[in-house]
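Bear in mind that the values in this text are calculations on the coordinates, not laboratory data. Just so you know, these numbers come straight off a predicted model, no measurement behind them. All Cβ positions, glycine included, derive from the backbone under ideal geometry; neighbour counts span all protein chains shown.
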Amino acid sequence: MANLADEYGTDVEIYIKALTTTIHADTPTGAPAQLHDLLEHLGLERHAYPTDAPLYIWHTVPEHLDTDEQRRRLATRAIPTLLVAGYEVNCTPEVFDEHAYQQAAQDLRSRARRPAARQPAPSNSASPPTPARRKP
C-alpha cells in the first residue's frame, strides 16, 4: 500500500484512490493521534491495516454521501481547519472544490471573531470604594 503523505513529506494528502471513486486522506507513518482524531472530527472515516496492530492508517470520505460533489466538498472543507491546526496539506485538483474551501475558511474566520462568553461586570455601587488607610 502506498502512503502518499510519506512519499511527499506532508501531514495529509487528499486524493482519489486510483481505479476507484474513493477519496482518501493519507497521513504519514507515525502521525500523532491528534491528527487522526481531527480528521475523524471533520467527518472522515479512519481505517487501519492490519487491524490488530495498525501499521498503516488512512481516512476516507464516507461513501454513503449521495454524490461525488458532496464527497469532494467534505474533503475540501477539512483543509482550512487542518491548516489552522498547523498541518501541511496537499489536495489534488480532482478533489479540490474552490467554493467549498472559501466557505469553510469564511466559517473559521467567523467563529474566530465571535466574542468569547464574558463574565458579568461587577455592579456599580452607589458610593465609591473607601480607600485603604495607612498607619503612620
What does the charge add up to near Asp26, with Lys and Arg as +1, Asp and Glu as -1, over the other residues with Cβ less than 9 Å from its Cβ? -3
Regarding segment 1-62, what whole-number volume in Å³ per residue does the convex hull of its Cα atoms give? 85
